[in-house]
1. What is the mean number of Cβ atoms from other protein chains located within 10 Å of the Cβ atom of each residue in peptide B:198-209, rounded to a whole number?
2. Averaged over B:85-95, how many beta carbons belonging to a partner chain fall within 10 Å of each residue's beta carbon?
3. Please identify the helices of chain B, taking whole runs of DSSP H, that span at least 30 Å along their own axis as judged from the Cα atoms and have a mean Kyte-Doolittle score of 0.0 or higher.
4. If you count, for every residue in A:27-37, the Cβ atoms of partner chains within 10 Å of its Cβ, what is the mean?
5. Sort out for me the Cα centre separation of region B:2-59 from region B:64-107, rounded to whole Å.
6. For chain B, modelled as a Gaussian network with Cα springs under 10 Å, which listed residue fluctuates most, B:Gly197, B:Gly95, B:Gly183?
7. Tell me which of B:Cys53, B:Trp200, B:Val91 sits at the most positive position along the dipole axis of chain B, charges placed on C-beta atoms (Lys, Arg +1; Asp, Glu -1).
8. Using a Debye calculation, one point per C-alpha and no hydration shell, please list log10 I(q)/I(0) for chain B at q = 0.12, 0.15, 0.16, 0.17 Å⁻¹ in order.
Amino acid sequence: MDFLPLAAPALPLDEAGKYVAGAYVVFLVLVLIYVAIMAAKLQRIERELKELAGFAENRANGEIAAPGRGSEEPSISDSLAPRGAEEAASDV
Amino acid sequence: MYGKGLRPLSIATVVAIAAALSLTFFYAPLDADQGFIQKIFYLHVPLAIVALCGFVAGGVFAILHLRSGERRWDAYSYVAIHMSVIFGVAVLVTGSIWAKASWGHWWVWDEPTLVSFLIVFLMYATYYPFRYAIEDPERQARYASVFAVTAGAFVPLNFMAVRLAESLVHPRVFATTSGGLPGSMMLTFLVSLLAMGLLWLTLVKLELTAKSASGQLKRLRRAIDAPLPGGGSRIAPEVS
């Protein structure tokens with residue numbers, strides 16, 4: 001029986017290598033794109049958490065303005081971030 | 001909660017992928033007919049199996065959601081399908097590259113295995129606009145679950161139909177009377193399958209962890225009365 005894959009001669013190594021490398025690189029690129037998207041998402045979450053932590057601390061100190069995207073106030077700057085947040089982040 | 005065990009799972013995945021690649025390129029013998037190009041088999045087939053199992057898993061989670069009404073099952077179902085669609089893209093691309101190298105064509109329309117996988121993939125590609133189209137979160141979750149159950153049931157039926165179909169093009173390497181895969185190739189294939197399964201599981205867990213964190217953040221914002229314009233992702237179910 002004339003199966004097409006059997007009838008097709010095996011490609012020489014240098015030519016087949018391009019296709020094999022192509023397939024594995026495509027897979028790797030897809031995984032990397034996904035991981036990059038997830039990293040961006042996690043960075044956004046981390047940034048928002050930082051803002052909320054700053055807001056919570058401000059509120060504890062008697063200020064009431066809500067920070068971040070939902071408020072008219074500008075987002076809190078890093079200088080207003082709760083003390084020790086950077087140290088805690090660097091410990092993780 | 002979802003992040004628990006993510007680190008050991010990630011390490012296991014990296015180890016399994018390294019083992020699979022080592023076996024593929026340094027242990028498994030060259031195929032007598034296809035030569036070096038057959039190495040794509042150890043990537044393409046495990047990806048396809050894991051993607052199809054992921055679609056079925058999405059259907060099972062959807063059943064659990066419909067039975068219990070718990071939103072977390074809908075989130076599991078959504079993430080399982082989402083990840084399987086990504087794996088599906090990889091299956092189609094690596095399959096096309098293999099087809100071009102082996103058969104001289106990027107795509108063969110009269111080959112049932114290829115076309116049936118494309119049909120399954122396109123069916124699941126409609127899952128996203130279907131979810132997007134429904135505003136109410138409860139209805140969105142319920143309708144998406146019904147979709148996932150129906151589509152999930154279609155996957156094994158489709159697989160069986162293809163196996164029953166007489167094909168002259170696509171090689172059958174498992175359970176054939178002419179011998180199937182030799183031991184070394186089978187071992188490499190099984191390790192590759194394990195690696196792809198672990199990768200799928202790790203990415204699902206990562207996605208669920210991110211969604212859980214995002215959901216907790218939204219709750220926190222609501223709790224401190226700072227409304228979030230846009231409300232975050234509309235399609236992605238909230239995981240708390």
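Derivation of every value follows stated rules applied to the coordinates shown; laboratory data play no part. Since the model is a prediction, treat every value here as computed from it, not as a measurement. Glycine also receives a Cβ, built like all others from the backbone with ideal geometry; neighbour counts cover every protein chain displayed.
1. Average per residue, whole number: 1.
2. Per-residue shielding by partner chains comes out at 3.
3. Span-like helices here: B:41-68, B:71-103, B:137-164, B:183-223.
4. Mean partner shielding for this stretch: 3.
5. One Cα centre to the other: 15 Å.
6. Per the Cα network of chain B with a 10 Å cutoff, B:Gly183 tops the list.
7. Value: B:Trp200.
8. Normalising to I(0) and taking log10 leaves -0.77, -1.09, -1.19, -1.28.
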